[in-house]
Amino acid sequence: AQRVTQPEKLLSVFKGAPVELKCNYSYSGSPELFWYVQYSRQRLQLLLRHISRESIKGFTADLNKGETSFHLKKPFAQEEDSAMYYCALTRNYKLTFGKGTLLTVNP
Amino acid sequence: DAGVIQSPRHEVTEMGQEVTLRCKPISGHNSLFWYRQTMMRGLELLIYFNNNVPIDDSGMPEDRFSAKMPNASFSTLKIQPSEPRDSAVYFCASSLAGDVTGELFFGEGSRLTVL
């Protein structure tokens with residue numbers, strides 16, 4: 001069975017500080033991993049996917065198969081990054097989410 | 001496109017009443033998902049439709065929950081009878097099956113409170 005674990009429910013940093021949101025997964029095959037974000041009063045939306053190896057809004061995430069991790073990182077957090085972040089894993093159609101981490105970036 | 005449209009946005013009802021949540025997916029999308037979000041359990045997949053056919057309903061908590069998709073542009077999630085533990089935010093999402101990006105497009109959610 002596929003499972004996604006986000007160990008931190010809450011994460012608080014100051015503006016300009018580095019931020020890392022942790023995500024670990026368990027999956028027997030080759031995973032496809034995503035980060036979704038939900039800003040206040042907005043819809044849940046895709047932030048980035050590992051297959052694209054892209055950087056969105058300064059965020060990056062590297063898939064580490066050895067550690068079964070897909071941590072989301074940003075070197076300098078901004079106040080507008082404050083949101084709920086969900087790590088997700090998909091197999092075929094089924095997208096399984098972690099429980100989410102609420103990131104607060106303080107001024 | 002206005003995106004995935006859900007109604008009602010908020011629903012407050014009493015235990016035992018029937019609740020019907022509605023969803024209009026993005027035009028052209030042929031996959032539709034219903035998720036439930038709670039503080040304790042996060043986002044849980046309830047049911048998945050492909051081309052209007054239910055493919056996986058293993059996440060539906062019990063017989064009180066049912067979902068239909070009579071056509072490509074409309075789906076309902078019904079709870080009968082409702083119970084306080086059903087209080088949650090229910091999200092509908094759609095996608096294009098076969099899209100290798102795996103991106104789901106979510107509605108704004110329906111917040112249900114059962115008293």
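The values are calculated or read from the model by the stated rules, or taken from the named source; none is laboratory data. Fair warning: this is a prediction, and the values are worked out from it, not measured in the lab. Ideal geometry is used to build each Cβ from the backbone, glycine not excepted, and the neighbour counts take in all protein chains shown. Protein only, heavy atoms only, side chains kept; ligands, DNA and RNA dropped before computing areas. Shrake-Rupley method; radii C 1.70, N 1.55, O 1.52, S 1.80 Å.
What net charge do the residues around B:Asn71 carry, taking every other residue with its C-beta under 13 Å from that of B:Asn71, with Lys and Arg at +1 and Asp and Glu at -1?
Result for the local shell: +3.
Please list, in order along the range A:4-20, the HN-Hα scalar couplings obtained from phi with the Karplus expression 6.51 cos²θ - 1.76 cosθ + 1.60 (θ = phi - 60°), rounded to whole Hz, x for Gly and Pro.
Ordered by residue, 3J(HN,Hα) equals 10, 10, 10, x, 9, 7, 10, 9, 10, 9, 9, 3, x, 7, x, 9, 9 Hz.
Cβ under 15 Å from A:Phe14's Cβ, A:Phe14 left aside: what net charge do those residues give with Lys, Arg +1 and Asp, Glu -1?
-2
How big, in percent, is the set of alpha carbon pairs in the protein assembly as shown lying more than 33 Å apart?
On the way: 4044 of 24531 pairs.
Above the 33 Å cut-off, the protein assembly as shown has 16 percent of its Cα pairs.
Can you give the accessible area of B:Asp63, probe radius 1.4 Å, in Å² rounded to 10?
150
Using 7 Å Cα-to-Cβ label points, what is the A:Lys94/B:Arg22 separation (nm, one decimal)?
Going from the A:Lys94 label point to the B:Arg22 one covers 3.1 nm.
Can you give the three extents of the C-alpha atoms in the range A:1-96 along their principal axes, from longest to shortest, in whole Å?
Dimensions of the range A:1-96 along the principal axes of its Cα atoms: 38, 29, 25 Å.
Pairs of lysines 8 or more apart, or on different chains, with alpha carbons under 22 Å: count those in the range A:52-95, would you?
Working: A:Lys57/A:Lys73; A:Lys57/A:Lys74; A:Lys65/A:Lys73; A:Lys65/A:Lys74; A:Lys65/A:Lys94.
Number of lysine pairs found: 5.
Taking +1 at the Cβ of each Lys and Arg and -1 at the Cβ of each Asp and Glu, which of A:Phe70, A:Tyr85, A:Thr60 sits farthest along the dipole of the range A:53-107 towards its positive end, judged by Cα position relative to the Cα centre?
Working it through, the farthest residue towards the positive pole turns out to be A:Phe70.
Considering Cα pairs under 8 angstrom that are at least six residues apart, work out the relative contact order of chain A and quote it in whole percent.
On the way: 260 pairs, mean separation 41.2, N = 107.
Relative contact order for chain A comes out at 38 percent.
Quick check on the range B:48-115: what does the Kirkwood estimate of hydrodynamic radius come out to from the alpha carbon pairs, in Å?
For the range B:48-115, the Kirkwood estimate is 13.5 Å.
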